[in-house]
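One structure is given here, and the rest of the page talks about it.
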Ligand code: SF4
Ligand code: SF4
């Protein structure tokens, strides 16, 4: 990314693509809930352009509406003019953070957590160790009651797995027989701590399908949360770290839509050819397996399954058919449609922690949609979406199970 002045020019130029037709409005979850033009894509684009033209005196008035944007990019998919809303939003958030950083305790705490904790794998592991103890002792509920922790954090946080499930997964692994190819696995930060078993099953799935897998120990957080929060310098530092960790990798597989979209955006973030080349080597696990074909038949799964598209997979990476193709290969699985599979669930990184009410309403709509499908299982390939949907399911007393696509693709002998 470039200087604040260059960002301003880019924001202005890119925003001119918007012809104010309003076709994106029905696709915007915040507009659907709030019904305000300023909380619609068209309104936000107008505000960003006005800010660049110097027609808005107090930039903080724009910040509220940009903060309330999920960054889901549902509007991009609906826009016939090809407006690059997500890119404009990231540039604007970065420029605001650089020129007019948000003030207050909440903003400082957010910056501290993003830049000083999440950005360092060792510190994040320590934080999760502490959080698990707090969860066991019920301290998180006390902290929420004292307003030291957002109440949504208590609702959303799944049970933090025991240490053996959170151990870093690293090394080189060989399949039985001659490998079809050698791939490298990105294991993420939150994925490692909350969904480490899904990482292990992703490894099993790749091995079962004949791929040799390397997992470098020097990799770290993808920087998505930082990038979308305007913490550009940290996001760039994390991108460079991962590029070095995966320097020798031909294909880099990930199983988290948010991370995958961020890895594929390193070219834009760093603005150099090396980063652009890195991005072309990244694949979502479903994208890769659909492209290569499954050689190990998945175990039968005799259930009704609804697939819910993570925003950063469908809008961010354009991957819609691939997960569905793979699920169609699972014996006895019945894929049932549900309304609005591409509509954001309200997770959006840390959105559901900082905009609890809005995220709650958006999450509720998602659960209503899923309930109407009469699915027994909802499948989605992003940790934030899994946590958000599961939290709403628990709150509503729904029996629907939330699973990652990888969980349904393992062959019988690995699926136990
Ligand atoms: S990114 Fe999502 S929430 Fe933001 S304006 Fe677009 S559709 Fe609305
Ligand atoms: S972003 Fe696209 S769809 Fe939305 S108002 Fe502008 S041109 Fe129309």
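From the C-alpha coordinates alone, can you work out the Kirkwood hydrodynamic radius of the range 106-184, in Å?
With all distinct Cα pairs of the range 106-184 included, I get 15.4 Å.
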Fill in the blank from the handout: Ranked from fewest to most other Cβ atoms within 10 Å of their own Cβ, 301, 130 fall in the order 130, 301
Handout entry: Linear extension gain, residue 414 paired with residue 12, 0.36 nm per residue minus alpha-carbon span
Key = 139.5 nm
Practice task
Kindly list the residues of the range 356-387 that lie in the label zone of residue 304, defined by a backbone N under 16 Å from the point 7 Å along the Cα-to-C-beta vector.
Solution key: 367-379
Problem - Computed [θ] at 222 nm, deg cm²/dmol, the chain (DSSP H ≥ 4; -39,500 (n - 2.57); rounded to nearest 500) - result: -15000 deg cm²/dmol
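Figure the gain on full extension for residue 36 and residue 325 (residue separation times 0.36 nm, minus the Cα-Cα span) and round it to one decimal in nm.
Net length gain for the segment: 100.2 nm.
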Fill in the blank from the handout: Exposure proxy check on 406, 190: fewest-to-most Cβ neighbours within 10 Å is 190, 406
Handout entry: Per-peptide average of other Cβ atoms within 10 Å, ordering 199-205, 287-293, 252-258, 344-350 highest first
Key = 252-258, 344-350, 199-205, 287-293
Exercise for the section: Can you tell me the relative contact order of the chain? Whole percent, Cα pairs under 8 Å, sequence separation 6 or more. Expected result: 15 percent
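For the residues 176, 412, what sequence is obtained by ranking on other C-beta atoms within 10 Å, fewest first?
On the way: 176 8, 412 12.
Neighbour counts put them in this order, fewest first: 176, 412.
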Exercise for the section: Specify the angular offset, from 0 to 90 degrees and rounded to the nearest 10, of the alpha carbon long axis of helix 41-52 from the longest principal axis of the alpha carbons in the chain. Expected result: 50 degrees
Fill in the blank from the handout: Taking N as the residue count of the chain, its alpha carbon Rg divided by 2.2 N^0.38 Å gives 0.96
Fill in the blank from the handout: Subtracting the Cα-Cα distance of residue 336 and residue 153 from 0.36 nm times their residue separation yields 62.8 nm
Exercise for the section: Kindly rank 112-119, 377-384, 82-89 from highest to lowest mean number of other beta carbons found within 10 Å of each residue. Expected result: 377-384, 82-89, 112-119
Fill in the blank from the handout: With label points set 7 Å from each Cα along the Cα-to-Cβ direction at residue 297 and residue 244, the distance between them in nm comes to 4.8 nm
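No value in this document is a laboratory result; all are computed from the given coordinates. Owing to the predicted nature of the structure, the values given are computational and were not obtained by experimental measurement. For neighbour counting, all protein chains shown are included, and Cβ atoms are generated from backbone atoms with ideal geometry for every residue, glycine included.
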